[in-house]
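Visitor: Here you go, one structure.
The values are calculated or read from the model by the stated rules, or taken from the named source; none is laboratory data. Note that the coordinates shown come from a computational prediction; the quantities given were computed from them, not determined experimentally. Please note: Cβ atoms are built from the backbone with ideal geometry, for glycine as well, and neighbour counts cover all protein chains shown.
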Amino acid sequence: MGQTAQKIIKENKDEILKLLNIAFAEEWLAYYQYWVGAQVAKGPMRKTIADEFLEHAKEEHDHAQLLCDRIIQLGGVPLLDPDEWKKHALCQYDAPTDEYIMKLLEQNLKAERCAISRYQQICELCMSGKDIDTFHISRHILEEELEHEQEIEDYIADIESAMEHMKK
């Protein structure tokens, strides 16, 4: 990162790097949660939802790449040891011990809502123009996390509606 860019974000740099590494850890955990959930999912709409989980996993992986690149650009080091991910992540990984699709959807919805709050936090920190590049990266990821939340809510509503209809 050039000298001028470093001067612009100097006052918040350590806080930004800390939040980016937290988000980086959370993205890797989200990637795995979606990926493994797609492998073990059982229940209604399993194939469709598993495919959606794999798409979300790819996007979470892409988010991790964006964050890694930005951490390095800011002169930081991304978390290098996967054992550190759970220690630093504030959004926790929930193992799919219950493979039923509704449980997996609920777990992923919880994770998406946590991610939304993380990226909102990063955007607010950077919004003052002190780090406009990190703001744009975080805003982009935030938009995708909001889409994920909506898609999961829609699947939950569809399954609940189908179950209600079957009861009639």
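Visitor: For segment 100-116, give me the residue count where each residue is without any contact (Cβ under 8 Å) to a residue 60 or more places away in the chain, in a helix (DSSP H, G or I) and of a type outside the set (Asp, Glu).
Guide: So the count comes out to 7.
Visitor: Going by what's in this entry, would GLN33 be described as in a helix (DSSP H, G or I) and surrounded by 16 or more Cβ atoms within 10 Å (Cβ to Cβ)? I'd like the intermediate steps shown before the answer.
Guide: Details: in a helix (DSSP H, G or I): yes; surrounded by 16 or more Cβ atoms within 10 Å (Cβ to Cβ): yes.
Yes, satisfied.
Visitor: Report yes if TYR119 is within 15 Å of the chain's Cα centre (by Cα), surrounded by 14 or more Cβ atoms within 10 Å (Cβ to Cβ), among the aromatic types (Phe, Trp, Tyr) and assigned to a helix (DSSP H, G or I), otherwise no.
Guide: Judged against the criteria, TYR119 is a match.
Visitor: In segment 83-99, which residues are part of a loop (DSSP other than H, G, I, E, B), under 16 Å from the mean Cα position of the chain (by Cα) and not hydrophobic (A, V, I, L, M, F, W, C)? I'd like the intermediate steps shown before the answer.
Guide: Within segment 83-99, the first condition is being part of a loop (DSSP other than H, G, I, E, B), and the residues that meet it are 89-99.
Narrowing the set further to residues that are under 16 Å from the mean Cα position of the chain (by Cα) leaves 89-95.
Passing the criteria: GLN92, TYR93, ASP94.
Visitor: Could you tell me which numbered condition MET1 fails, if it satisfies all but one of (1) of a type outside the set (S, T, N, Q); (2) at pLDDT 95 or above; (3) outside any helix (DSSP H, G or I)?
Guide: If we test MET1 against (1) of a type outside the set (S, T, N, Q); (2) at pLDDT 95 or above; (3) outside any helix (DSSP H, G or I), just (2) comes out false.
Visitor: Out of everything in segment 91-104 that is of a type outside the set (D, E, K, R) and at pLDDT 95 or above, what residue ends up being nearest to ALA157 (Cα to Cα)?
Guide: From segment 91-104, those of a type outside the set (D, E, K, R) are 91-93, 95-97, 100-102, 104; that's our starting set.
Within this subset, residues satisfying the condition of being at pLDDT 95 or above are 100-102, 104.
Working: TYR100: 15, ILE101: 13, MET102: 10, LEU104: 14 Å.
In this case the residue turns out to be MET102.
Visitor: Can you find, within segment 36-51, the residue that is farthest from the chain's Cα centre (by Cα) among those that are in contact (Cβ under 8 Å) with a residue 24 or more places away in the chain and crowded, with 20+ Cβ neighbours inside 10 Å?
Guide: Checked segment 36-51; the qualifying residue farthest from the chain's Cα centre (by Cα) is ALA41.
Visitor: OK, next. In the set GLU15, GLU55, GLU59, which member is assigned to a helix (DSSP H, G or I), among the acidic types (Asp, Glu) and either at pLDDT below 95 or surrounded by 23 or more Cβ atoms within 10 Å (Cβ to Cβ) (or both)?
Guide: On the way: GLU55 fails: either at pLDDT below 95 or surrounded by 23 or more Cβ atoms within 10 Å (Cβ to Cβ) (or both); GLU59 fails: either at pLDDT below 95 or surrounded by 23 or more Cβ atoms within 10 Å (Cβ to Cβ) (or both).
Being assigned to a helix (DSSP H, G or I), among the acidic types (Asp, Glu) and either at pLDDT below 95 or surrounded by 23 or more Cβ atoms within 10 Å (Cβ to Cβ) (or both) holds for just one of GLU15, GLU55, GLU59, which is GLU15.
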